[in-house]
Amino acid sequence: MTHVLQNVVFPLDRDPDLLPLYADPETWSFIDEEPVRVSSRAHLGNILGRNRARIVAGRRVSLGTYFNAFPASYWQHWTSVREIRLTVRTSGPATVLVYRSNGAGVRQRVATREVTGESTTSFDLSLTEYSDGGWIWFDVVADEKNATLEGAEWTTEQEPARTGKASLGITTYNKPDYCVSTLQALADAPDALEHVDRIFLVDQGTQLVSDQDGFADAAARLGETLQVIRQPNLGGSGGFARAMAETLRRPESEFVQLLDDDVRLEPESLRRSIVFARYATSPVLVGGHMFDLLDRPKLHGWAEVVDEHPFMWRNLYQEKMPHDFGVANLRQSPLLHMRMDADYNGWWMCLIPLAAIREVGLALPAFIKWDDAEFCLRAGEAGFPTVSLPGVALWHVSWINKDDTIDWQAYFHARNRIVAGLLHSSVPHGGRLLRHSLRVDLKHLMMMQYYPVALRAQALRDVLSGPAHMRQNLASAMPAARAMAADFPETIVHRDPSRVLHSRRGRQVYKRQKTHEFDSPTGLRLRWFTLRTLVAHWLHEPDPANVEQPEVEFGKGDAHWWRVPYFDSALVSSADGSGKNIYTRDRAQYRRMLVDSWRLHRRLRRRWPELQRQYRNALPELVSESSWREIFEAQG
């Protein structure tokens, strides 16, 4: 029996920014080792359908693109498939050329066929030389007349290791428009739906998806496949745990596919992730990559890892992300040909085998932040690795215009990272985790950002109270964190169009500088600056004139912790550009918070071994299905 591993597809939307992800009709050259586009020939009019495209006479189109090249190294490494077939259907005179690459991105031609008329051309290919990386793809060159690519797919005769379907778990909080778009995309994708058992839409909001225009039509088309579940807001972890629990009761489901709400889905990616999981030699989690929904050729998340000593997440090649496929496509990006192994994948899109959930439990009751990383680390320790699979992706609202480290989410950033460290760090006292956590507090204090320091202090107190608090405050921690903002005037974003805010010294503008991912610039001079600033803020009262009116103004990109502390107050643009925040130094509050942070981190370090035992012993119960069922029932 022939099994389709991957279809060649073209974008659902008539969006020219998407074309580089699907087809590459450009001519490229290199100047100073950088790829430069010589001529642009990408025309939406040449996309004839979901699987069809026109190749204009005398021109060449490459399918060596993110969504249409075949990720051979991942299939060789994670599955037992060693023989695949590429079938290309064309009409008109053309030449089909098949290429492969290695882990360094070096291209080699594999085969060439000239075709005429209505043609079906097959290429039998081996997956035996891709241990370190590499893709396979094909180009189509039109002859003296236009040619048409009528369709193509990558197939195998080998039977999969498992045959179950996947249930989808979509967790949403007041994003009904996005959810309806996702449901409509699924209803329009029968190739993907044939692998889906149930769609669990866990609606935790007050703006219900069922009330959104277009929902009734999508629901009617999906029929009994769609099941909407209402529950109070238990965060992403609560919504995804509900989807896991419901999927465990589905005998036809072998996987649960988790999807975020504020996304645009490529349905072929959904199908590919399920098929890949079926063929994996042993059960694996299959993660999808994340493109920017507002800058759609830009890739933000590939293989993600957790660094052991700081115990902090990042992309495997952080300095190379985001990658803009509108600037350099797959064939021009050697790094992307390497096989990249991940520690975890964000739950914007992640397929999890139920075998892993049965063995290690459901999501940690963390509300948001680190629930995805912690689960994948837990699964990996039990022998269920995460595969960050190229060609499987969606578009998600990125964090470029956000700064959730200084809003109510700062509580969850701090608490959940430390809890994950207690559960999974193998380094004594979490390595540099606590030292870095204290540095984060110091930077916020020097920046006059007292609200996130208060939230982080509460997070540490809760961690010190023991693991039971995670269940107890699952529904209340977020409202409590948001309510605390009323005590901190710097949280107010000033947007009044009738009042223009001014600073006494004007706007401070600096040349942009690249900073270290975790600790910003380092070195003896900056360490001396930190000590000197901490002492100065302890000893000196702010100038009353600077309390009355902000002393300086900073753009968000210039407001770094080693610049703002020179001043008593600052007017700083909000992350989304919608207004300005006013930061004002408060010596009494600074003193209290500095001492509190120092004491809490010292207590946490002293009690680390004891807390580590407590949290690890409590974990099986915290993530058990029965525990989560009690939470769902208690919340109504």
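Read the figures in this text as sums done on the coordinates, not as results from a lab. Owing to the predicted nature of the structure, the values given are computational and were not obtained by experimental measurement. Positions of Cβ are generated from backbone atoms using ideal geometry, with glycine treated the same way; all protein chains shown enter the neighbour counts.
For Ser80, nonlocal amide neighbours, meaning residues 5 or more places apart or on other chains whose placed amide H falls under 5 Å from its own, are Thr281.
Simple point charges give the picture: +1 on the Cβ of Lys and Arg, -1 on the Cβ of Asp and Glu, and for the stretch 3-156 a dipole about the Cα centre of about 380 debye. Using the Cβ-Cβ distance between Asp403 and Glu252 with R0 = 35 Å, the FRET efficiency computed as 1/(1 + (r/R0)^6) comes to roughly 0.20. Annotation: amide H of Val387 within the under-5 Å range of Leu285, Val286, Gly287, sequence separation 5 or more or interchain, hydrogens built in the peptide plane. Separation of the stretch 348-379 and the stretch 400-478, taken as the distance between their Cα centroids, equals 20 angstrom. Listed by chain and number, the lysines whose C-alpha is less than 19 Å from the C-alpha of Lys175, apart from same-chain residues fewer than 8 away, are Lys369, Lys402. Neighbour counts of other Cβ atoms within 10 Å put Ser465, Ser91 in the fewest-to-most order Ser465, Ser91.
Considering the stretch 302-360 at the alpha-carbon level, its Rg and Dmax are found to be 14.5, 44 Å. Residue farthest toward the positive end of the dipole of the chain, with Cβ of Lys/Arg at +1 and Asp/Glu at -1: which of Tyr74, Trp528, Gln449? Of Tyr74, Trp528, Gln449, it is Trp528.
Under a model in which nothing but the beta-carbon of Lys, Arg (+1) and Asp, Glu (-1) is charged, the chain shows a dipole of about 2120 debye around its Cα centre. In order along the stretch 551-557, phi translates into HN-Hα couplings of 6, 9, 10, 10, x, 4, x Hz, rounded to whole numbers, per the Karplus curve 6.51 cos²θ - 1.76 cosθ + 1.60 with θ = phi - 60° and x for Gly and Pro. The antiparallel fraction among DSSP beta bridges confined to the chain stands at about 75%. Taken one residue at a time, the phi angles of the stretch 214-220 give Karplus couplings (6.51, -1.76, 1.60, θ = phi - 60°) of x, 5, 4, 5, 4, 5, 5 Hz. Gly and Pro are set to x. Computing log10 I(q)/I(0) by the Debye sum over Cα atoms at q = 0.06, 0.11, 0.12 Å⁻¹ directly from the structure and comparing it against [x] -0.31, -1.14, -1.38; [y] -0.37, -1.15, -1.30; [z] -0.54, -1.12, -1.25 singles out [y]. Spin-label model, Asp487/Val327: points 7 Å from Cα along the beta carbon direction are separated by 4.4 nm. In order along the stretch 445-455, the phi-based Karplus estimate (6.51 cos²θ - 1.76 cosθ + 1.60, θ = phi - 60°) of 3J(HN,Hα) comes to 5, 5, 7, 6, 9, 7, 4, x, 5, 4, 5 Hz; Gly and Pro are listed as x. Between amide H atoms placed 1.01 Å from N, distances below 5 Å from Tyr99 occur with Val110, Trp137, Phe138, Asp139, all of them 5 or more places distant or on a separate chain.
Placing a label point 7 Å from the Cα of Ala220 along the Cα-to-Cβ direction, the residues of the stretch 191-214 whose backbone N falls under 18 Å from that point are 210-214.
Extension gain, Tyr317 to Arg591, is 94.8 nm, computed as 0.36 nm per intervening residue step minus the present C-alpha separation.
How much mean residue ellipticity at 222 nm does the chain get from its helices, if each DSSP H run of length 4 or more adds -39500 (n - 2.57) and you divide by all residues, to the nearest 500 deg cm²/dmol?
It lands at -10000 deg cm²/dmol.
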